[in-house]
Amino acid sequence: MGGPELAPHTARRSERPGTPGALRASVARVSTLTAQPPILRTEGLTVRFGGLAALSNVSLGVPAGEIRAIIGPNGAGKSTFFNCLTGVLRPTSGRIVFNGEDIAGLPSHTISRKAIARSYQITNILPGATVLENVRIASQSRRHNWSMLRHHRAYTDVIASARTALADVGLAGKEDELAANLSHGEQRNLEIGIALATVPKLLCLDEPTAGMSVAETHATVELVRRIARNLTILIVEHDMEVVMGLAHTITVLNYGEVLAEGRPAEIQANPRVQEVYLKT
Ligand SMILES: Nc1ncnc2c1ncn2[C@@H]1O[C@H](COP(=O)(O)OP(=O)(O)O)[C@@H](O)[C@H]1O
Ligand SMILES: [Mg+2]
């Protein structure tokens, strides 16, 4: 059901646009990722705010292990899409199939336990707690009850996975610093560490390089690439250099609809995309 309803995408000259197999075939040639079944699929995802369709019939599939960028001008529906995936918003209609299960409309704490995490600006950080505490709390939150506190081994597991998450985001050695004392870039990466501590299978990154210096941006690109070896990543990002360098596949949203989907080079060359987005 998902395939033929994918929105218009760049097709090669030899392939007729809109042919259900066209996108699948073109992606399969360039990536072994598509050998994986999609870990995430949306079908006809629609969100209406009164008369406005923030998302309109969005159908897409993301293979496990992929880094998928979601781009589009302001107001295109990117945040709304993330809000639906993470249970912040209940879609008006449509399905969100994650790991074979429809999760549309489930509350965010339930979705979090199904291993979808989101890193969103630096709002999840407790500035007065240490770096390690920040990640430990997130790691603990994913264990379903507090009985584990009685078990020393479970507690040391939590600390160990918190330290691993910190090492993954380049904050090893900063465990005992107050989060408030980290640089802006380090705080953004701590935010990713907090998300990783919940051991997600799908990680949604909302503008991870916003407000970062050039050096911090490069480091974060490397960070995302590194952590992507073990999970699937959706990334909303305005920095086109970051997007083009990082994404396996790009989905372009415009006015709540999928305008195009394809490899970075295809998206860059797509006249419709250039018109609405890249030129600006
Ligand atoms: N809670 C809301 N109530 C009403 N309109 C909203 C709400 N959230 C988003 N919108 C509208 O939905 C559209 C998509 O917004 P959003 O998903 O934030 O876009 P993006 O993240 O791509 O900039 C915009 O027109 C925005 O004004
Ligand atoms: Mg947004």
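Here R41, R95, R68 are screened, and the one residue that is within 16 Å of ligand 1 (Cβ to nearest atom), at pLDDT 95 or above and assigned by TED's automatic domain parsing to the domain that holds V276 is R68. Of the listed requirements (1) of a type outside the set (S, T, N, Q); (2) more than 16 Å from ligand 1 (Cβ to nearest atom); (3) part of a loop (DSSP other than H, G, I, E, B), H238 misses just one: (2).
Of all the numbered requirements in (1) in a helix (DSSP H, G or I); (2) more than 16 Å from ligand 2 (Cβ to nearest atom); (3) assigned by TED's automatic domain parsing to the domain that holds G77; (4) crowded, with 20+ Cβ neighbours inside 10 Å, E275 misses one, and that requirement is (4). Within region 109-140, the set of residues being at pLDDT 90 or above and among the hydroxyl-bearing types (S, T, Y) comprises T110, T130.
For T251, the conditions (1) of a type in the set (V, I, T); (2) in a strand (DSSP E or B); (3) out of contact with any strand residue (DSSP E or B) (no Cβ under 6 Å at 6 or more places or on another chain) all hold with the exception of (3). Reported count of residues in region 192-239, each being away from ligand 2 (no atom under 16 Å from the Cβ) and of a type outside the set (K, R), is 30. Of the residues making up region 205-223, those that are of a type in the set (A, V, I, L, M, F, W, C) and buried (at least 23 other Cβ atoms within 10 Å of the Cβ) number 1. Flag set for N254, criterion: polar (S, T, N, Q), farther than 22 Å from P37 by Cα, within 16 Å of ligand 1 (Cβ to nearest atom) and assigned by TED's automatic domain parsing to the domain that holds G87. For region 76-83, check the following and say yes or no: at least one residue is part of a helix (DSSP H, G or I), buried (at least 18 other Cβ atoms within 10 Å of the Cβ), within 16 Å of ligand 1 (Cβ to nearest atom) and more than 12 Å from the chain's Cα centre (by Cα). Yes; the residues of region 76-83 include at least one that is part of a helix (DSSP H, G or I), buried (at least 18 other Cβ atoms within 10 Å of the Cβ), within 16 Å of ligand 1 (Cβ to nearest atom) and more than 12 Å from the chain's Cα centre (by Cα).
Checking each residue in region 71-92 for being touching a residue at least 40 places away in the same chain (Cβ under 8 Å), touching a helix residue (DSSP H, G or I) at 6+ places or on another chain (Cβ under 6 Å) and within 20 Å of K114 (Cβ to Cβ) picks out T86, L89, P91.
The values are calculated or read from the model by the stated rules, or taken from the named source; none is laboratory data. Nothing here was measured: the structure is a model prediction, and the numbers come from that model. Neighbour counts are summed over all protein chains in view; Cβ atoms, including those assigned to glycine, are modelled from backbone coordinates with ideal geometry.
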